[in-house]
Every structure is written in C-alpha cells, then in structure tokens.
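Comments concern the structure below.
The values are calculated or read from the model by the stated rules, or taken from the named source; none is laboratory data. The structure presented is a predicted model; accordingly, all values stated were derived computationally and were not measured. FYI the Cβ positions are ideal-geometry reconstructions off the backbone, even for glycines, and counts take in every protein chain you see. The area values use the complete protein model at the heavy-atom level, side chains included, leaving out ligands, DNA and RNA. Shrake-Rupley method; radii C 1.70, N 1.55, O 1.52, S 1.80 Å.
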Amino acid sequence: MSMTGVDGEDRNDLTKEESRRIRQRSFALLRSLVKPVQKKVVLTAIVVVLSTALQVSGPALIGLGITVGLPALTDQNWMPLGIVVATYLVAAVLGSVSIAWYTILTAQLSQAMLLDLRKRVFVQTQRLSLEFHEKYTSGRIIARQTSDLDSIKELLGNGVNQLVQGGLYMLFIAVAMFIVDWVSGLVLLASLIPLAFLTRWFADRSEKLFRETRVASAKLIVHFVETMTGIRAVKAFRKEKRNEKEFAEHVEHYRDANSKVIQVFGLYDPGLMLIGNVTLGFVLLFGGMRVVNGELGIGLLLSALLYTRQFYGPMQEMAMFYNAYQAAAAALEKISGVLEERPTVPDPTGPIDLRQARGHVTFDGVTFAYNKDRVVLPSFDLDIPAGQTIALVGSTGAGKSTLAKLISRFYDPTEGAVLLDGVDLRKLHPKDLRRAIVMVTQEAYLFSGTVADNIALGKPDASREEIERAAKAVGAHEFIESLPNGYETDVNKRGGRVSAGQRQLLSFARAFIADPQVLILDEATASLDIPSERLVQDGLQTLLADRTAVIIAHRLSTVAIADRVLVMEHGRIVEDGAPADLIGGTGRFAQLHAAWRDSLV
Amino acid sequence: MSAAKATERKSELSTARAIARIYPYARAAMPRIGLGMLAALIGALVALFIPQVLRGLVDGPLSDGVLAAVWPAVALVLALGVLEAAMIALRRWFVLVPGTHVEARMRNDFYNKLQDLPVAFHDRWPSGQLLSRVVSDLGLIRRWLAFGVVLLVVNVVTIVIGFAFLLSINWMLGVLFMVCSTPLWIYGYLFEKKYSIVARRSQDQSGDLATSVEESVHGIRVLKAFGRGGHALKNFASQAEDLRGTEIEKARAIAGIWLWLLLVPDVTFALSLFGGAFLWLNGDITTGGLVAFFATATVLRWPVESIGFLLSMTFDTRTAVDRFFEVMDEVNTITDPEQPVSVTDPKGRLVFEDVHFRYQDSPARYPDLLDGIDLAIEPGETMALVGLTGSGKTTLTALATRLYDVTGGRILLDGVDIRDLSREELRTHIAMAFEDATLFSASVRDNVLLGRPDAGEDALAEALDIAQAKFVYDLPDGLDTRIGEEGLSLSGGQRQRLALARAVAARPEVLVLDDPLSALDVDTEALVEAALRKVLAATTALIVAHRPSTVMLADRVALLENGRVTAVGTHSELLATSEHYRFVISSLEDEQDDSRVEVNA
Ligand SMILES: Nc1ncnc2c1ncn2[C@@H]1O[C@H](COP(=O)(O)OP(=O)(O)OP(=O)(O)O)[C@@H](O)[C@H]1O
Ligand SMILES: Nc1ncnc2c1ncn2[C@@H]1O[C@H](COP(=O)(O)OP(=O)(O)OP(=O)(O)O)[C@@H](O)[C@H]1O
Ligand SMILES: [Mg+2]
Ligand SMILES: [Mg+2]
C-alpha cells in the first residue's frame, strides 16, 4: 500500500519501507526550510566552529601551563606561563563573545525557519479542501499547528543549538586529545564503540515511543477542543462526568506514553555517564603508567583527563536534547504529512482569465457524492443565466446546500463540470472565482474581533463608511450602534457576544460588502425575526437587480424576489419555472406554497 | 492577559513562591523528587571526589614513580565513576515518572475546572489561550519538575560544595575563584527581571497565535467562501512575526547570560593558573594540588554553565504556573448549593419571578437586558417566546438551566429556586435544544442519548421518530455512524432534527427549545410539529419562535419586549390586542407579496 499525506498517522505498525519514506519526507521538508536561510547557516556555522575551538583550547592551555610554564618558573622565567595565561584570556573573551553571538544567530535562524513553517502549514491548511478538513478534524489540524510546532520550536530553539555545539565540541576535543596525547586519544576513540551501540539502542527504542506520544497528545487536544467548543451542550446535557472520564483516559494514555519514553531515556543517560567514567579510568591507567615511565608529562595527563570529562559532559546535554530531537522528528513527520496532502479541490495550473464575470452559471452533467457509496446529486444539468435570481427550495437533506457548495467550489463534482460564464470553475484562478462568487453559509461563523473587522472580511480594504453602508443595507446598523463600543465591539469567539439573528445579519453584511457577481445565500435569514427578514429582502431586491443569485430558503417569502423557482428532491430538480406559474400549477411547489401560506395564520 | 498585566502581577510574588503553588499537585511526588535530589547530590560529590584521588596519585605514585601503586588509584577512580553513573540512574528513576503524574493530575484538574466554570467564562476566554495552557504550559511544568528543579538545586549545592573543595585544596586559590565568579550572581539576578517579562509575553503571544489557528480552522468555510485565506494569513503572519520578535528578544537575554557564564569561569581559570603557578613556586601548593584544583574546577564547569539554562527554564515555568492558576483561581459563580434540595415529585412548573439579567460587560448606562421578567409556565403547558432579534430570548432560555445565573429575581422549578437544586438535578429536569445544533463527533446514538446515556433502543427510536430524524437509518452505519465534527457532515435540517431528538430523548419535565424548526422545510416542519404535540401534551415547554408556524405549537405566547414580558396570551388574542406582536410575527406584507405574485399570474 502506498502511503501519502496523513495516511497512517495513527498507525503504530508502519513497515520499514513506510517509515523510511516518512523520514525522507520530513527530511526533505527540513532541507527546504534551511534553503532560504542558507547564508545565515554558513555564518552561524563559522561562528560556532570558532567559538568551540576557542573553548576547547582551555584544558590544553592549562596542561601546557603546568607542563611547560611551571618548570620554566623554577628558572625565574615567567614568559611561557605569561604567554599561556594571556592566550587563555584572549581565547576566553573571544570564545564567550562568539557563543553569545552564536546564540542570537541561532535564535534568528530558528525563528525564521519556524515562521516559514508556521506560514506554510497555515497556508496549506487553508488550501486543503473541506473534504480533508471534515475527515481530519479540526482538533488534529490544530494540534499540528500548536503542540507539534512547539516541539519543533523546542528543537530549533535549544536543541539544534546544543546538538551542533555539542557535536563540534566532541569533535574538537577528540582532535585536541590526539594532539595532546595520542594514546589517550585512542582510548577515547575506542569508547565510541559502546557509545554507538548504546545510542543505536536508544534511537530504535525511543522513535516508536515518541510517535506514540504525538498520537496520544493529538487525541487529547481533539477532545479538549471539542469540549470547549460545545461547552453549552456539555453543561446542558450533563456530560461533564463522562467527559471527565474520557479526558482522564486520554491524559493517562499520554502520560504512559511519555513515561515510557522517559524511562528509556533514563537508562540511556546514565549509560553515557558510565562509558565516560570508565574511559576516564582507562585514560588515567595508560597515562599514569607512562607518567611513571617518564614518557608523558603530568600536565598533559591532566589535559587528557579534563578532556575526557568534557567530552562526555556535553554528551549528556545532547542526550537531553535528543529528547527534543525525537519529539520534533515525530512532529515533523506529521506536519510533512499534512503538507504533502494534495487538495482535492486544486488550484488550476494555467488559470483562465476572468476579470469581470457576468454571472452565468451552468451545471453540465454534474454528478456528486461525498462518499463513493452515496450519490447526493445524480446527473445534474442546470443553466442559470446571468442576472437571474433563483429561489431554491426542497425538503431538508435534498441537496440544496450541496448544490451551493458546488457553485462556490467547496467541492468539485465527481463527474461533469460547473461553469461560470462558460469556464470550468476548476480552470479559474481562485482570486477571480472568489471575487465573482460569494456564499453566505448556513452556519454564520464570526471571528473574534470587532464587528467592523467581521464585516470587512468581505472586503478587507473597506472604509468605515462602506462598512456602515453595508450594515445599514441589511438592517444591522441599529443594533451595532447599541453595542457597548459600536462597530468596535469585540464579538468574542464565534460571535458569542451577539445573538443568532445578529450573527446572521453580520454575515449578511459581509457578503453585501463583498459585492460579488454571483451571490449564494444558504438559509441566510433562517434565524431572523420577520421584520429583519423583511428589511433584508428589501436590501436584496436592490442588490440583486443585476446580479445572479441563488437563494436557498424554507420560508417561501423569498420567492417574492425570485425570477425563477427550483424545487429539489433527492438531488434532482423536480420543478423549475417562474414563481407565478408554479404557484398556479398543481405540482410540488404549489402544494408547498399552500402549506406555507397556511402556516402563516 | 497582556504583557503589561503580567509585569504587574509579577511583582506580587517571588518566583519561588509563585512556583510553590503547584505544591498540592507535587506533594505526592515530593519524596521521590527529594530522593532524586539526594541521589544526584551523591553523584555530584562522587564526581568531586575523583580529583582528590588524582591529587593523591600525582603527588604520590606518579611523582615517586611506583607503578604498582597506580593500580589501586585507577581502580578507585573506576569505582567512583561507576557509582556516579549509578547515582544518575537512580536520580532518573526517582524523578522522571512522578513528573508525568503531576502533569496528568494538573491537566485533569484544569480540564475539570474549565468544564465547571460558567459559560460566561468561556465567552470571555479565547480558546487558544486555554489550549496553550493545557498543552504547552503543563508540559513545561513537567519537564521542570523532572529535571529543572532537581538540577537547579543539585547544581547549586554542587557548586557550593565544589567551592569548599577548592578552598580545601588551597584557600587562596579558592577565594580567588569565588571572588572572580561574583559578577555571575549579580548578572543572574538582573537576568531574572529582564527575562521573565519576555517569557510571559512570549507565552501569551503563543496563546494568541493558537487562537488564530483555531479560528482559521473552525472558520474555514467562511474563509473559503470569501477567498480570504490570504487575509487570514496576513493577520496570522503578523502575530507570528510578533512572536518571533519576542523569541529573539528572549534569545538576546539568554545570550547575555551565556556570555557571562562562559567568560567568568574561563577568566577565572586563567587567573587561577597564574595564581596557582605563583603559589606553586612558593611551595604553597603541590603539582597534585594544582591538578586536583583544575580537575575540580572542571567538574564544576557544567553545573555553572547549566545555571543559565536552568534559570530561564525556571522563569518559563513560573510563567506557566501563573498562567495555569490564572484559570484555576477563577471563582466559579455558578455552583451547587451547600445543601441541595431536591424536587421530589417533579411536575415541571417553571416560574420566572422578577428576573433581571445583564451580561458582565454591559456598560452601566444600559438598562438590564432582562429587566423584570414575570412569567409562569404551568405543568404540561407549552409557552412560545416571541421577540425581536436580540431581544434576549436565548438569554432567557439559558437562565433556566443556569448556564448563566440571574442577576436579580429568581426562577422557580416546582416552587424551588433553581439555585437550591444541584446543577446535575436541574439539568435532568430541564433539557434544551440550542439554536445552533452543537453536535459532537460521536455516533448518532451517542449524540441523541447525550442527556440519558442509559436509555434503551426504544427511547432512541422514539426520539428520532418525533424529530423526523429517520434519515439516520440510511447513513452508512446507521445509528453507529460517526457524524463529523460538530455534525457538519449533515445537512442543516438534519443537524437541527438530531439536536431536537437529543432534547426529546432526555425525557425531561421541561423542554426548552430555541427556535427548533428554523432549518426545516414546510412539510417536515408540519410533521415534526404533529409529532411534537404528543410529547408536549405531557411536558412543560418553552419554545422560542420566530414564525407563526412554530407559535402554533404553543398553548400560549409570551411577548418579550424591552426586557420584559409585555403580553401573554394565545396567538389570536395577541394578534388582536398587541401591536408589537403583530409587528414581530405578522406576515401581512408577505401575504401581500404573494397576492402580488398571484395577480401577476
Ligand atoms: N460533508 C458531508 N459529508 C457527507 N455527507 C454530507 C455532507 N454534507 C451533506 N451530506 C449529506 O448530503 C445530503 C444533502 O445535504 P445538503 O446539506 O445538501 O442538504 P440540504 O438540501 O441543504 O438540506 P437542509 O435544508 O437540511 O440544509 C444529506 O443527506 C447529507 O446528510
Ligand atoms: N455573551 C454575551 N455577552 C454580552 N452580550 C450578549 C451575549 N450574548 C448575547 N448578548 C447580547 O444580548 C442581547 C440578547 O441576545 P440573545 O441571544 O438573547 O437574543 P435573542 O433574542 O435570542 O435573538 P435571536 O432571535 O437573534 O436569537 C443581544 O443584543 C446580544 O448582543
Ligand atoms: Mg442546507
Ligand atoms: Mg437567539
């Protein structure tokens, strides 16, 4: 089975081949992140090499001081010692300044990469089609952009820093060791063998465990987000206790996954220490013997011992950040999966130019199914001439919203095509498409932020006058003025600060200000009271004069402003005609309309 | 939650006291953390002891040239090395796992607290801020407990003991060493001030970023409909850039302390080498003493260097703890009474007595939103609530289940003030259907039986029947189909019917339905009404209505106007007597529109 994108994200039984592919994928992502900052990487590398070399010189200088400086002193010659100490001081100043510089450089570097990555994931999230979002769920995509990015931040911010520095440090120490005393150097080299085995064991064990923690933490986030989003229902239906139990299970799962990782690490770290200390013993043994035989100066033995200690010192720090590395690697795998997803509603490669749409919408042999096994729109043909206002009615679940979503290209038809002015929507540049077609969805979603911002979403560069004009046109101005800060009032998350009807009015004003050639209203007045609905309809009548519109409504009052009525049942148009003709007839609409009239009194 | 507020709060408590607030959570882990520290301390002492062995070795066998005497010393060094590693292992074993338990406990408590806090709290708090607390902040606290605090304490103690060793080797050199390192302590103190402000800002900004992420995901339909992904990206990017700025500022602070942490020891080493040579010349210190001195000082290097990182981690943790308790300290204003009474024989008489309510953020110059509501709904009666958009209908329904508490007056259920009932019991008696359906990503069954999880298949089938939601049987897995997040894979009317079924399935004494039929077509609406009538015959109900058709369900209608119920009566009574009622509900003009259509025909 070939695995792409987010497939297999929750699986723990990936084959070798699959794991390798995933690793390659995240590595490619990493490379692409480094690319734009390459120059800085080179600079940073130079600085870190310099600073590490300077730092590593310390023990050698001390050894030198003792071996060369002290004997000279007995001859009252302070020169050698003076030179050593002076060199040491210079190295110290340069070394620490360059480390500080390095710290700032890596921060700039890592933050630049992080920003890049954040934006990429954000853009990708926006680009992916609704189909993906519905399958993947918001909690998971949020987890990708929060906790996973946190892990990467942790790694880039501290980890890489430490890993690179530590790695270089070890390399330089090994070199210095050979310069100071080659036998000790060999001992150190030999110690790398058990070290490699230990590290290998750790890497193998922890990789899988880390993946498990990422999965567990994503589940936790999903549950958390859903509870907070639906807090009213949670309370009203007393779901707290049950939630408490479910959440505790997620927490426990995450805790256990985490503990397992930590336990593995808890063996690795002391293992390193052990290898380091045994090496120290051997360096001392071989060195001591040669000192006794007069083959090695005491000072140099000291240098070798100090180096051994320092060689394994950063190892431990690095091991600590290996944690960060693993966590980030697991996170990067997931993120690269999301980035690899191809939108099922892709942007065209060679878009056809459509600056000024007329608004002629055509369904040409369209078939559509959300899931393969259930066709929602079977073979659908429809022609909406430019400038026509259509009322789309039909029982719930008939496929009205689906039709609307196809016109606004939330989904692409399974077969056939939807055309705007004769151009397949799939060939339109998203900018042109969105300028020409705007839909007010059944769910009036507001963003936290001011009323003005929410309206201006329809036209980001709108002036205050335009915003107020739009609000007035839909009859929202009055209530907005009565809010504590008028247009500057924060509507809170999801517009919780205003009532359902007010939310609809604001989404309406948003569409109004966007001023598209084709306007789709999906139950946009369902939560309004009758007087507001009337106002909206008046506004619509002027607005829609020279525009194409599809108005979905169960309240048949909309029919009054429509040129044409479509009645939909089970994904098919069962009636199509001018309102008066249909009402006068004996079909489905006449019956609906009569029922509706009765319901008014 | 702004940085300014953070600094203001900061002065209130010292870092230690602020962090100490997690003691109740950490208490159980304390013994193990203590033991871990002990093990670490022993390890550190052992490490410090190794140089002493070296000293003996250098001054003894190595200078005397006795090869046989080298062996025991080497063996001792090896033994000490193994012991040190064992101690590290022990430390890990002691502290790592308890940290995860503390984290899990805090996470559960945080979640439960959030579930318990009233809706008003959730209105106010951006979801991302909560998410970043429950994920990142708690993770940070765990890591700090697992090694931050342990290493901080142990390293400081090691440094102190190490100084003692240095003093014992040669007091003059030791004093020199200590004097030289004072700038470190001064800088460390200054660092705290500078760093913690930036740390707080960075964590708050991460929370804001998480909020943006969350909204961009939940609001994806709107962003797509208007093609505003780019616009959202701009906002997101500017926030992310702010965060980057803060992070780099943080790195500058860290670079500052790094500079000193590296420079000071190195300079001290150089000076000590010079001073040591001088002393050696005067015969005040042996070569072995010098070796031991530098070996000890080297052992101390890592503890000293680590202080910078540990301090910044500690301040980060302090901020995380502050942020955690910011939520935990919230006083829940809607709690269960000390001694809850119980409605023994619930009949479902719901009475509003001079009920006043205003939202917290409502300016003083505004009158109460609900300004003295008097309304009695008799057992079995169905009352419709009618009023203009924004008149406070939803608010009134939310009061009945204590999603908000009245700010004046009281609400009685069967003669008992609802605040004297436990929330659990109250919400068993009263079930709601919200104006937005708020479904969860669970099976259809779980969603419908949310209010009565133990109900059988019959009850489920009956509720689905009443709500005309039989379409669920046609879903791919029938009742076990997982409906997508927030039910968005269903049509608007399907969602609403499930929410209605959910309320009905709870079989409460009182049903509160907020505009329950707004998304239904005329036919389905009629069917639901017919079925509902049977249920409503035996159940008290409060139904918010915008349309005459919904009003028809009710025995009586209450008209909400300017925060009061200004008229109660049957639909036709009110039509005859209340001008405002006619204005709100009458579709006179609609009919005129229709007649116009008919005339045209
Ligand atoms: N995202 C989705 N995934 C899978 N099935 C879906 C999805 N959205 C809608 N459906 C199904 O497709 C059918 C048509 O839904 P649609 O939303 O178009 O109905 P509608 O005519 O708008 O109804 P309503 O008047 O209730 O809003 C329904 O049976 C619904 O369950
Ligand atoms: N959480 C809140 N905080 C502050 N004010 C709010 C909050 N929720 C609603 N309001 C305000 O209180 C008023 C009443 O809102 P409510 O939702 O009760 O109206 P409604 O009668 O249900 O309207 P609709 O018919 O549109 O649903 C509105 O003006 C709204 O702006
Ligand atoms: Mg729909
Ligand atoms: Mg409402």
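Sequence-ordered 3J(HN,Hα) estimates for the stretch B:185-190 from the Karplus curve with 6.51, -1.76 and 1.60 and θ = phi - 60° stand at 5, 5, 5, x, 5, 4 Hz, glycine and proline given as x.
Summary value for chain A: 14 percent relative contact order, contacts being C-alpha pairs under 8 angstrom separated by 6+ residues.
For A:Ala476, nonlocal amide neighbours, meaning residues 5 or more places apart or on other chains whose placed amide H falls under 5 Å from its own, do not occur. Cross-link partners of A:Lys372 among aspartates and glutamates, defined as those whose alpha carbon lies under 16 angstrom from its own and excluding same-chain residues fewer than eight positions apart: A:Glu131, A:Glu134, A:Asp412, A:Glu415, B:Asp474, B:Asp477.
For the pair the stretch B:34-108 and the stretch A:359-394, the centres of their Cα atoms are 76 angstrom apart.
When GluC sites (Glu not before Pro) are flagged only if DSSP places them in a loop and at most 14 other Cβ atoms lie within 10 Å, the longest unflagged stretch of chain B comes out as B:13-337.
The angle between the Cα long axis of helix B:149-169 and the longest principal axis of the Cα atoms of chain B comes to about 10 degrees, rounded to the nearest 10.
When the alpha carbon gyration tensor of the protein assembly as shown is reduced to an equivalent ellipsoid, the three semi-axes, largest first, read 71, 31, 25 Å. For chain A, the 222 nm mean residue ellipticity estimated from helices alone, with every DSSP H stretch of n ≥ 4 adding -39500 (n - 2.57) and the total spread over all residues, rounds to -21000 deg cm²/dmol.
Using just the alpha carbons, could you tell me how many Å³ per residue the convex hull of chain A encloses? Mind showing how you got there, number by number?
Values: hull volume 125.1 nm³, N = 601.
Cα convex hull per residue, to the nearest whole number: 208 Å³.
When you count, for each residue, the other Cβ atoms within 10 Å and take the mean per peptide, how do A:573-579, A:18-24, A:55-61 rank with the highest first?
On the way: A:573-579: 17.4, A:18-24: 15.0, A:55-61: 23.4.
With the highest mean Cβ count within 10 Å placed first, the list reads A:55-61, A:573-579, A:18-24.
Of the GluC sites (Glu not before Pro) found in the stretch A:453-529, not one falls in a DSSP loop while having at most 14 other beta-carbon atoms within 10 Å.
Within straight cross-link reach of A:Lys427, meaning Cα distance under 21 Å, which lysines are found once same-chain residues fewer than 8 apart are removed? Within the straight-line limit of under 21 Å, A:Lys427 reaches these lysines: A:Lys405, B:Lys224.
Quote to one decimal, in nm, the extra length available between A:Lys16 and A:Phe178 on full extension: 0.36 nm per residue of separation minus the C-alpha distance between them.
Details: separation 162, 0.36 × 162 = 58.32 nm, distance 3.95 nm.
Result for the pair: 54.4 nm of gain on full extension.
What lysines does A:Lys208 reach when the alpha-carbon gap must be under 16 Å and sequence neighbours fewer than 8 apart in one chain are set aside? List returned: A:Lys16, A:Lys260, A:Lys334. Remark: the stretch A:440-450, residue by residue, has Karplus-estimated 3J(HN,Hα) of 9, 6, 4, 9, 7, 8, 10, 8, 5, x, 6 Hz, where x stands for each Gly or Pro and the curve is 6.51 cos²θ - 1.76 cosθ + 1.60 at θ = phi - 60°. The relative contact order of the stretch B:94-179 comes to 37 percent, based on Cα pairs under 8 Å that sit 6 or more residues apart.
Think of a 1.4 Å ball rolled over the protein heavy atoms: the protein assembly as shown then has 37 Å² of accessible area per residue. Of the cross-linked pairs A:Lys153/B:Lys250; B:Lys194/B:Lys250; A:Lys239/B:Lys347, which ones have a Cα-Cα span greater than 20 Å in the structure shown? Pairs exceeding 20 Å: A:Lys239/B:Lys347.
When only C-alpha pairs under 8 Å and at least 6 residues apart count, what is the relative contact order of chain B, in percent?
Details: 827 pairs, mean separation 86.8, N = 601.
It comes to 14 percent, rounded to a whole number.
Inter-chain Cβ neighbour count for A:517-530, averaged per residue, equals 4 (cutoff 10 Å, partner chain atoms only). Taken about its Cα centre, chain A carries a charge dipole of about 860 debye when Lys and Arg each add +1 at the Cβ and Asp and Glu each add -1 at the Cβ.
Output the Kirkwood hydrodynamic radius of the stretch B:458-599, Cα pairs only, in Å rounded to one decimal.
Numbers: mean 1/r = 0.0593 Å⁻¹.
So the Kirkwood estimate lands at 16.9 Å.
Taking the Cα atoms only, what angle lies between the long axis of helix B:287-328 and the longest principal axis of chain B, rounded to 10 degrees? Taking the Cα atoms of chain B, the angle to B:287-328 is about 10 degrees.
Distances between placed amide hydrogens fall under 5 Å for A:Leu521 paired with A:Val440, A:Val550, A:Ile551, A:Ile552, all partners being 5 or more residues away or on another chain.
Enter the mean number of other protein chain beta carbons within 10 Å of the beta carbon of each residue in B:253-265, as an integer. Intermediate results must be reported in sequence, preceding the final value.
Numbers: counts 1, 7, 10, 3, 2, 7, 8, 2, 3, 11, 9, 2, 3.
The per-residue average across the peptide is 5.
Relative to the longest principal axis of the Cα atoms of chain B, the long axis of helix B:588-600 lies at roughly 70 degrees.
To the nearest µm²/s, what D does Stokes-Einstein give for the stretch B:28-328 at 4 °C and 1.567 mPa s, using the Kirkwood radius over alpha carbon pairs as Rh?
Details: Rh = 22.7 Å.
Calculated translational D: 57 µm²/s.
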